[in-house]
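The values are calculated or read from the model by the stated rules, or taken from the named source; none is laboratory data. Source: prediction; values computed, not measured. Quick reminder, even Gly has a Cβ in these numbers, built from the backbone with ideal geometry, and neighbours come from all protein chains shown. In case anyone asks, the SASA skips ligands and DNA or RNA and just uses the protein heavy atoms, side chains included. Shrake-Rupley method; radii C 1.70, N 1.55, O 1.52, S 1.80 Å.
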Amino acid sequence: MWIVIICAGFAAGATPRNEIPIGPGLRALAAPRHLDIGAAVAIEPLAGDPRYRDALARDCSILTSENVMKFGPIHPEPDRYAFEAADALVAFAQQHGMRVRGHALVWHEQLAPWVTERQRTREEWQRLLHDHISAVVGHYKGRVYAWDVVNEAVAEDGTLRETPWLKGIGPDYLEMAFRWAHEADPDAKLFYNDYGESNERKQKAIHRLLRDLLKKGAPIHGAGLQMHMDVDSHPRPSAVARAITRLHRLGLEVHVTEMDVAVPEPFTDRRLGEQAELYRKMMRTCLDTKGCTAFITWGISDRYSWIPAFRRGWGAALPLDAEFQAKPGYRAIRDALSR
Ligand code: G3I
């Protein structure tokens, strides 16, 4: 209610535009619910846009690196790691008492070109992956709370995706990756992260994969549900609750890791209202389902979202608009947390 009044003040011109509405923020509301709340962070605005930094500081208890910890950016050449950008993100989080989710150690996208440009034996692939994981996790030992160790390893039909890692090492690469990450930082929480919450076949396959890895003793502590969706195509809250419960029964905690809700142009009030309902329902689902311990959106402001560049004609996917004003989606998350 309070934020509504503040925003009404903005509309009336009482407060200069471009100023973030002052309030307790989502972080303060999530803390008593024992829920981490946060956003994926892009490094350029973190360095250059004070409104972005202020919004993160106000609303987030946990930050995910959107790109800077991925293989290509952080390990651009065989013998060179580029930690500077990720170090800046971690330093910002530490200054504000936030946790960091490292994303992602093993993925088939955003790989450095040198990784795939020549043939390697299985042993060479193993050494490459081992050295990468040890160096990156080791560098952030004690400073990264949770890692997406393996990202998107399961295909739509439930089989293991044909990635360079699967081709180079075989299905054992998953177990190896978790073990090597655990060796490098025994206190970090290690996650498997994927999308496809509406695809029951894929969800069951992920559950089986994690169950079998856990049986082998692989150090896996959590699963991430990415939750990218749009106003016309989205999982039912009941399917999300089912996925969380199933994973939690394996002893895993579950993070909503990358939620956003894309809207088609024009971004009408009706469509933004539909978006708000999805944010409300998914936040409620997380709060009401045992095992869901973090709720993270893939960005915080529409000014810096991946959607328009990847989906022509779609955008406005995040809780704050491009001027950092609270959208109905922001207020819906706030209401769900205040309930
Ligand atoms: O860093 C280069 C820059 O040097 C260059 O000038 C510029 C020119 O296009 O490209 C920059 O890299 C881009 C990078 O984002 C940083 O902006 C890449 O081209 C672009 O492909 C990359 O996109 C990222 C995408 O993953 C890669 O697949 C998105 O920002 C990022 O939001 C997105 O995140 C993924 C998660 O990791 C996994 N789940 C799905 C999610 C959305 O696709």
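Looking at the stretch 111-122, which of its residues are exposed (fewer than 13 other Cβ atoms within 10 Å of the Cβ), in a loop (DSSP other than H, G, I, E, B) and not acidic (Asp, Glu)?
Scanning the stretch 111-122 gives Arg118, Gln119, Thr121.
Is there a residue being in a helix (DSSP H, G or I), on the phi < 0 side of the Ramachandran plot, more than 15 Å from the ligand (Cβ to nearest atom) and of a type outside the set (A, V, I, L, M) anywhere in the stretch 138-156? Break it down stepwise before answering.
Step one: list which residues in the stretch 138-156 are in a helix (DSSP H, G or I), which gives 138-139.
In the following step, the residues that additionally are on the phi < 0 side of the Ramachandran plot were identified as 138-139.
Narrowing the set further to residues that are more than 15 Å from the ligand (Cβ to nearest atom) leaves 138-139.
Those left that are additionally of a type outside the set (A, V, I, L, M): 138-139.
Among the residues of the stretch 138-156, at least one is in a helix (DSSP H, G or I), on the phi < 0 side of the Ramachandran plot, more than 15 Å from the ligand (Cβ to nearest atom) and of a type outside the set (A, V, I, L, M), which makes the answer yes.
What about Ile244, is it open to solvent by less than 10 Å² (accessible area, probe 1.4 Å), within 16 Å of the ligand (Cβ to nearest atom), among the β-branched types (Val, Ile, Thr) and in contact with a strand residue (DSSP E or B) (Cβ under 6 Å, 6 or more places away or on another chain)? I'd like the intermediate steps shown before the answer.
Values: open to solvent by less than 10 Å² (accessible area, probe 1.4 Å): yes; within 16 Å of the ligand (Cβ to nearest atom): no; among the β-branched types (Val, Ile, Thr): yes; in contact with a strand residue (DSSP E or B) (Cβ under 6 Å, 6 or more places away or on another chain): yes.
When the stated conditions are applied, Ile244 does not pass them.
Okay, residues lined up against (1) within 14 Å of the ligand (Cβ to nearest atom); (2) assigned to a helix (DSSP H, G or I); (3) open to solvent by less than 10 Å² (accessible area, probe 1.4 Å); (4) in contact (Cβ under 8 Å) with a residue 24 or more places away in the chain:
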{"position": "Ala40", "(1), (2), (3), (4)": "yes, no, yes, yes"}
{"position": "Ala47", "(1), (2), (3), (4)": "yes, yes, no, yes"}
{"position": "Arg51", "(1), (2), (3), (4)": "no, yes, no, yes"}
{"position": "Asp54", "(1), (2), (3), (4)": "no, yes, no, yes"}
{"position": "Asn67", "(1), (2), (3), (4)": "yes, no, no, yes"}
{"position": "Gly72", "(1), (2), (3), (4)": "yes, yes, no, yes"}
{"position": "Ala85", "(1), (2), (3), (4)": "yes, yes, no, yes"}
{"position": "Ala88", "(1), (2), (3), (4)": "no, yes, no, yes"}
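Scan the stretch 177-209 residue by residue and report those that are open to solvent by 30 Å² or more (accessible area, probe 1.4 Å), within 17 Å of Ala223 (Cα to Cα) and outside any loop (DSSP other than H, G, I, E, B).
In the first step, residues of the stretch 177-209 are kept if they are open to solvent by 30 Å² or more (accessible area, probe 1.4 Å); the result is 179-180, 182-183, 186-187, 189, 195, 198-201, 204, 207-209.
Restricting the remaining residues to those that are within 17 Å of Ala223 (Cα to Cα) gives 179, 182, 187, 189, 195, 198-201, 204, 207-209.
Of everything in the stretch 177-209, those that are open to solvent by 30 Å² or more (accessible area, probe 1.4 Å), within 17 Å of Ala223 (Cα to Cα) and outside any loop (DSSP other than H, G, I, E, B) turn out to be Arg179, His182, Lys189, Glu200, Arg201, Lys204, His207, Arg208, Leu209.
Within the bounds of the stretch 239-254, is there any residue that is at pLDDT 95 or above and closer than 29 Å to Arg53 by Cβ? Even if it seems obvious, please write down each step before you answer.
Quick first cut of the stretch 239-254, residues at pLDDT 95 or above only: 239-254.
From what's left, closer than 29 Å to Arg53 by Cβ: 253-254.
Yes, there is a match, as at least one residue in the stretch 239-254 is at pLDDT 95 or above and closer than 29 Å to Arg53 by Cβ.
If I filter the stretch 268-303 down to residues being among the small types (Gly, Ala, Ser) and either open to solvent by 40 Å² or more (accessible area, probe 1.4 Å) or assigned to a loop (DSSP other than H, G, I, E, B) (or both), which single residue comes out as farthest from the ligand (Cβ to nearest atom)?
Step one: of the stretch 268-303, the residues among the small types (Gly, Ala, Ser) are 273, 276, 291, 294, 299, 301.
Among the residues that remain, those that are also either open to solvent by 40 Å² or more (accessible area, probe 1.4 Å) or assigned to a loop (DSSP other than H, G, I, E, B) (or both) are: 291, 299.
Values: Gly291: 21, Gly299: 8 Å.
So, considering only residues that are among the small types (Gly, Ala, Ser) and either open to solvent by 40 Å² or more (accessible area, probe 1.4 Å) or assigned to a loop (DSSP other than H, G, I, E, B) (or both), the one farthest from the ligand (Cβ to nearest atom) is Gly291.
Got a sec? Which of Ala155, Ala146, Ala177, Ala243 is over 16 Å from the mean Cα position of the chain (by Cα) and in contact (Cβ under 8 Å) with a residue 60 or more places away in the chain?
Working: Ala155 fails: in contact (Cβ under 8 Å) with a residue 60 or more places away in the chain; Ala146 fails: over 16 Å from the mean Cα position of the chain (by Cα); Ala243 fails: in contact (Cβ under 8 Å) with a residue 60 or more places away in the chain.
One residue alone meets the criteria, Ala177.
Scan the stretch 304-313 for residues that are open to solvent by 30 Å² or more (accessible area, probe 1.4 Å) and within 13 Å of the ligand (Cβ to nearest atom) and jot them down.
The answer is Tyr304, Trp306, Pro308, Ala309, Phe310, Arg311.
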